[in-house]
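Notes follow once the structure below has been shown.
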Amino acid sequence: MLKHFAVLERGEPSFLPFRWGWNNVTPHCHALRQMYFAGAGESKKLLTLTNIDVDCKKKGSPEGARQYLQFLRDNYFPNLYSEPSTNGRGGHGYFLLEKEDHDTEHVNKALLQVLTPWLNDLAADFDVEFVEIKGTMPVVEWGWRKFEVLSYKSGMLAKVPRGLVSRFDELKNTTRIAAGDILFHLPTPETKPSLIQVDPSSGSVSGKHFDAETLAGLKKDGRFQVVASSLISAHPLKTSGRSVVTVGDMAIALMLGEWLTNNMPANGAMPTKRWAELWKALYEAGDVERGWDHKRFAVIRNYLSSLGLIEWEDESYRPGWYADDGTFVKGKAAKWRFSAELMVKLAEAGEKQLEAEEATFFTGGGSILYGNPISPSLLSWSESLTRTPDQDVIRPVEVIPIRPERLHPDYVTRFVGCFDMLAA
């Protein structure tokens, strides 16, 4: 790989020898040869295939591996694609990882240092030896010159799924997990709640929190829709690709944000996971048409922050990690909420929505209050807001604690003489 980039750096053409094709894939799928893959580290690739490798070499059984992977599929990884391992004793599960905005090194650490111990903790109740994550991404340190590579650390190779052709639809529809959910919201092994599912009986958030009256605010003339329209009309939101934000998306965010602000935990934290659970539950219940998207949510949050409609108590957040002794240290979410000003406007819009519904009921016709969905006073308020330049917008900032190195005094003493010589 380094030789390949060295040739490109000299301005000469260079091509990697391997190419995906039927000549390579077909023999692999029929167990005539073995093919491996590393994760997709390129920033332009939003997804990367990741392998859960369940080993049963020295102990464990094929049935134990199968039961474990089925347990993951039933409780934590919906639609998880799985198949027996090559030697027939273990098993392989494959899921798609959404890398979001996280760099390759952080994603690899999330897979190896956070997800792997968590999976092994779950595996303790099954007849398997241990679980590994494979298919991690190569880490490349680039120099200043084009194609200059200062260092290259290859990813941990995983076996290509045997069902790549015959079971392609299953593989394509396997579980998708956002890197942020692993980095920042993976639950402690002691509690073992689901990564993906939302269980209303456990006290976690779900779409049950929104009744028909609240959901009516998402309709064309509903209060969330009207406030969202006024904001975007006064301050257009330019987005593209997967992060495109519609008025409907903004309305959903306003509804969720109002509820979350009114139901803040004692510590004032606002974890993204709570937003994701609520939004996903609404989508699965058929109450909203657009599913959860991490990047789209970040755009909406930063947009509201740019307008001064978010009150920040602490914008720093810290991912959870495993200490040297194996104990899990919980992370910390940023602390913020909707501003009092925004909450008042949402409440006022709710009162006008109720008046409009009453006028429609008594007159039997359309309401004059919503002849124009955006009232002049609401639009005037939106236009009065000053939008902060993007580079100055307050947004969550990741803070990773650096553990101090504890060196033996004899080790440090070896360098004292060097400093004395330099001082002389």
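The values are calculated or read from the model by the stated rules, or taken from the named source; none is laboratory data. Keep in mind it's a predicted model, so treat the numbers as computed, not measured. Every residue, glycine among them, receives a Cβ derived from its backbone with ideal geometry; neighbour counts consider all protein chains shown. Just so you know, the surface numbers come from the protein's heavy atoms only, side chains and all, with ligands and any DNA or RNA stripped out. Shrake-Rupley method; radii C 1.70, N 1.55, O 1.52, S 1.80 Å.
Quick notes on this structure:
- A simple spin-label model places the labels of Asn262 and Asp287 1.2 nm from each other, with each point 7 Å out along Cα-to-Cβ.
- Two-site label geometry, Val344 and Val399: point separation in nm, points 7 Å out along Cα→Cβ: 3.1
- Gain upon complete extension [Lys44, Gln67; 0.36 nm per residue less C-alpha separation]: 4.7 nm
- Length released on extending from Leu164 to Gln113, taking residue separation times 0.36 nm less the Cα-Cα span: 15.5 nm
- For Lys220, Lys109, Lys99, Lys238, the ranking by accessible surface with the largest value first comes to Lys238, Lys220, Lys109, Lys99, using a 1.4 Å probe.
- The listed residues Asp103, Asp55, Asp125 rank as Asp125, Asp103, Asp55 when sorted by accessible area, largest first, using a 1.4 Å probe.
- Available extension along the chain between Glu213 and Lys57 is 50.4 nm, counting 0.36 nm per residue and deducting the alpha carbon span.
- For the pair region 157-178 / region 78-134, the C-alpha centres are spaced 13 Å from each other.
- Accessible-area rank, largest first, for Leu97, Leu46: Leu46, Leu97, with all protein chains present and a 1.4 angstrom probe.
- For region 221-318, the convex hull spanned by the alpha carbon atoms encloses 114 Å³ per residue.
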